[in-house]
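Undergrad: Below is one structure. I have some questions about it.
The values are calculated or read from the model by the stated rules, or taken from the named source; none is laboratory data. Just so it is clear, the structure is predicted and the values come from calculations on it, not from any experiment. No Cβ is skipped: glycine too gets one built from the backbone with ideal geometry, and neighbour counts run over all protein chains shown. SASA here: full protein model, heavy atoms, side chains in, ligands and nucleic acids out. Shrake-Rupley method; radii C 1.70, N 1.55, O 1.52, S 1.80 Å.
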Amino acid sequence: MTSVRVALTMAGAVVVISGMAARAETPATPPPPSAVATVDAIVVTAQKREQSLQNVPVVVTAVGHQLLQDSGVHDIKDLTILTPGLIVTSTTSESSTTARIRGIGTVGDNIGLESSVGVVIDGVFRPRNGVGFGDLGDLDRIEVLKGPQGTLFGKSTSAGVINILTEKPSFTPGANAEFTTGNYNAYGGAVYITGPLYQDKLAGSFYFADRERSGFYNVDTGQGPRTDTTDQDQNFHTFRAQLLYEPDSRLSVRAIADYTLRQEHCCSAVEVDAGETTPIVAALGGAGGGEPLIPNPASRTAYANQPTTQNVRDEGVSVQTDYRFPALDAALTSITAYRDWKRVGAQDTDFSNADLLYLPASGNSDQFKTFSQELRFAGTVGKLDYLAGAYYAHEDLTSNFELLFGNQFTEYASLLFSGGTNPDFLPGAFGATYTPGEGAVDHYHQIDNTYAVFTNDTFHVTDKLEFNAGVRFTEDDKSLATASHNTNGGAACAAVAAAAPYSALVADLIEPVTCLPVASPGFNNFTDHQSESEGEVSATAKLDYRFNRNILTYLSYSRGYKAGGFNLDRTQCAAGSPGCPYGSPQTLVPLTNTSFPGEFVNSYEAGVKTTLLDRKLLLNATLFYQDFTGFQLNTFTGLVFVVDSIPTVISRGVDADFVWLPIRALSFQGGLTVADTHFPPADLPALTANGQQYLGAGTSRISLAPLYSGAVSGTYKLSVSDKYQLRFNIGAKFTSAYNTGSDLDPRKTQPAFALANGRVAFGPDDKRWSFELWSENLFDKRYEQVAFDAPFQNAPTNATGVIDAFLGAPRTFGMTVRAKY
């Protein structure tokens, strides 16, 4: 894989972009400090290769260390304000984090679905976006590659890649530290130390950070047992240790070990739209009500009587070895990694302070243990730059799920079915009760072995014309063992199902709710084993032509692949219905096949890269058309998760990026994405028949897919003496309206909004220290990350249910002090 290093000569900042294998050439000499500010492609590096940035036909938003620091970027969600076309959301926990590019990403909180946007940290792929969520350490740069990247990055990168590179150890001694404090009782800091350990052959570095913050939500706990009155707080510490061994110019070995522990409370939600069940839940909540009769999301008040603790442990090691063969003009790269990530969490599942449903921390966890090995060999022969490689990954996923009934669920269900008049309806009419503290217990154990071979090659037809082609074959073998049980035997469902006479009221309304999968007797001591194997091809072809030094045009085709898998949730069917395997009439039975097929995309791009205004302006633009087939859609109905394979999704539009240096002290970086990402209108009737809502007119655009997304960041440096300077940075992002719900309910629409961050820094020119004032979400814009149907809070007819939402972060502000040696 190739790195592209771009220097903004006005500040010495470095931005790096990954692309395809590059041809060696002598890098341009940067101008002296007194020269006029320009934007120049300085170095392209990949296995000792060098190439101009503007020769790489890849759509990339790239951000260097200084801009990441000024924008307050610590994790992939922070990156969104700098990246047009990128949306990152978190839902039931911060580990349930999903990235989307051009409107495409994994939909819903189902750990069985792989990512559409790959997250790669120091060459190591993370199995899910949430596994890659956390403090990223001392960053060198972040690159967002748009469109399918499967040839070099592998499966489950059908929408793009977020490629994160941390700072390498240096043979020059150095250290830096920062301390930050802010509103919401935020405080924390980080220390980074680097330098030689043995002569000029072995260097090391160590990074440590510890940060705490009170919650963004106030929580009304009702009658408990929860005692915490805030939620979505921050409390973590992390470290990253590195060794770099370079005994000569041929060999480089980089070893990394990291560890992170998060002990936090997350994530409650606020009510944004009341429903027919709201008065019932409000009454059950006691003093103050279980949820507001008139929603007030602006108050950022959540209702939860159960804990929402989350503990996340993330640790791993990796070794990258690069060996250069000068006689062959080639290099061999090996990346070996092992990672262990585990989340243990509790949740108030009904998102109210009525005691209905909850997930205890003792029974709910997800764990990934992953080993990966990648080998690449790259070189140049005549006019051909070649790269060939192989990849293997072993992923061991264990997921435990326990959903228990609260003290008031029987009363709530009785009121639900009696129109709010009879709290003893179910026990009196059917003898049906839900025992508090009893419920559903599930265990999933999935093994995934991935094997791949790939090549990516560039042929220089002439000095101006180049052709690049790559192909990757991936075999993905998954197996899943499932064990389920109901600790109360599904007694309430059994009582209702045995009711005589078997009336239409029971068949059409009461039984479907009381016998949902979480309470169905069919899952008593249920076990299942499934396996599947996929062998798929990803490919790319690019043709680029350079008209002159300042203009490059290109055409490209890419085929991407996102692996299929299994729905790690209970699913059942009515006996006798099509596809239902067994059972007697009026019996709900578990599905023994929960698999879904892979997702594929064919992507076409036509782009131009230009360097204008006496090399002060870099302006790139690309038209794209992406045709997805088998799009994996995971929808929460308010009762269960449903995974559908959608025949077609189209994403088409334009990406534009720029860097502009009008004067030496002033710089701008930004871009615009216009992405029309939609279901073909002809498919909507069939999708509706499959149970999705797709309500209202003009709802063919898929969820979390804004039509317009634009970002811009500006930095101005003002000298206040011959030794000191002020640095001003402001960044903003505008996003047009989009629907945040996978069922496209119009009540889940997020109107167009804009966010802004700002920072003012004062310090000496040599950056030995600085004092900074900053604010994120400067104008305190309230926006919804994801809106969803409140669990079990639909009326029996599924009409006008309660809508809850996970909000974006409010305005934060504070002070940072930095020191550097």
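Undergrad: Quick check: from the Cα gyration tensor, does the range 532-632 come out rounded (a/c under 1.5), prolate or oblate?
TA: Because a/c hits 1.5 or more and a/b exceeds b/c, the range 532-632 counts as prolate.
Undergrad: Please report the base-10 log of the normalised intensity I(q)/I(0) for the chain, using a Debye sum with one equal scatterer per alpha carbon and no solvent, at each q in 0.06, 0.09 (1/Å).
TA: -0.39, -0.88
Undergrad: Here's a follow-up. Give the carbon-plus-sulfur fraction of the accessible surface of the range 77-233 in %, rounded to a whole number; probe 1.4 Å, heavy atoms of protein chains only.
TA: C and S fraction of accessible area: 53 percent.
Undergrad: Excluding residues on the same chain fewer than 8 positions from Lys748, give the aspartates and glutamates whose Cα lies under 16 Å from its Cα.
TA: Glu271, Asp273, Glu784, Asp789, Asp804
Undergrad: Straight distance only, please: which lysines reach the Cα of Lys609 with their own Cα at less than 20 Å, same-chain residues fewer than 8 apart left out?
TA: Hits, sequence-local ones excluded: Lys146, Lys464, Lys542.
Undergrad: OK, next. Can you tell me how much longer the chain between Ile650 and Trp769 gets when fully stretched, taken as 0.36 nm per residue apart minus their C-alpha distance, in nm with one decimal?
TA: Roughly 37.9 nm would be gained on extension.
Undergrad: What nm value, rounded to one decimal, do you get for the distance between Leu261 and Thr527 when each label is placed 7 Å out toward the C-beta?
TA: Modelled inter-label distance: 3.6 nm.
Undergrad: Find the centroid of the Cα atoms in the range 317-370 and in the range 383-431, then give the distance between the two in whole Å.
TA: 22
Undergrad: As a test question: what accessible area, to the nearest 10 Å², does Arg782 have when a 1.4 Å probe is rolled over all protein chains in place?
TA: 100
Undergrad: Could you state the orientation-averaged shadow area of the convex hull built on the Cα atoms of the range 740-821, in nm² to one decimal?
TA: Reported value for the Cα convex hull: 8.1 nm².
Undergrad: Once the Cα atoms of the range 177-326 are picked out, what are the Rg and Dmax in Å?
TA: Both quantities, over Cα of the range 177-326: 24.1, 77 Å.
Undergrad: Just by accessible area at a 1.4 angstrom probe, what is the order of Ile730, Ile646 from largest to smallest?
TA: Ile730, Ile646
Undergrad: Also: For the pair Thr435 and Arg782, how long in nm is the line joining their label points, each one 7 Å along Cα→Cβ?
TA: The answer from the label model is 4.3 nm.
Undergrad: Still on this structure, I have one more. Taking amide hydrogens as modeled 1.01 Å from N in the peptide plane, which residues meet the under 5 Å criterion relative to Lys77, leaving out close sequence neighbours?
TA: Amide H neighbours of Lys77, under 5 Å, 5+ apart: none.
Undergrad: I've got another one for you. For the range 412-423, take each phi angle, set θ = phi - 60°, evaluate the Karplus expression 6.51 cos²θ - 1.76 cosθ + 1.60, and give the result in whole Hz per residue in order, putting x for glycine and proline.
TA: 5, 5, 5, 5, 4, 8, 9, x, x, 10, 9, x
Undergrad: Given labels modelled 7 Å from the Cα in the Cβ direction, how far is it in nm from Phe668 to Tyr557?
TA: Going by the 7 Å Cα→Cβ label model, 3.8 nm.
Undergrad: Something else now. Please list, or write none, the lysines whose alpha carbon is within less than 21 Å of the alpha carbon of Lys723, excluding same-chain residues fewer than 8 places away.
TA: Lys767, Lys820
Undergrad: What accessible surface, in Å², does a 1.4 Å probe find on Val518, ignoring ligands, DNA and RNA and rounding to the nearest 10?
TA: 30
Undergrad: I've got another one for you. Please list Leu707, Leu672 from largest to smallest accessible area, probe radius 1.4 Å, with all protein chains kept in place.
TA: Result, largest first: Leu672, Leu707.
Undergrad: How much accessible surface does Asp765 have with a 1.4 Å probe, in Å² rounded to 10?
TA: For Asp765, the solvent-accessible surface is approximately 70 Å².
Undergrad: Please list, ordered by chain and number, the residues whose modelled amide H lies under 5 Å from the amide H of Thr637; skip anything fewer than 5 residues away on the same chain.
TA: Val642
Undergrad: Further question on the same structure: Report the calculated FRET efficiency for Ser299 and Gln373 (r = Cβ-Cβ distance, R0 = 41 Å), to the nearest 0.05.
TA: My answer for the efficiency is 0.20.
Undergrad: Using a 1.4 Å probe and counting only protein heavy atoms, arrange Leu197, Leu261, Leu612, Leu744 so the residue with the most accessible area comes first.
TA: Leu197, Leu612, Leu261, Leu744
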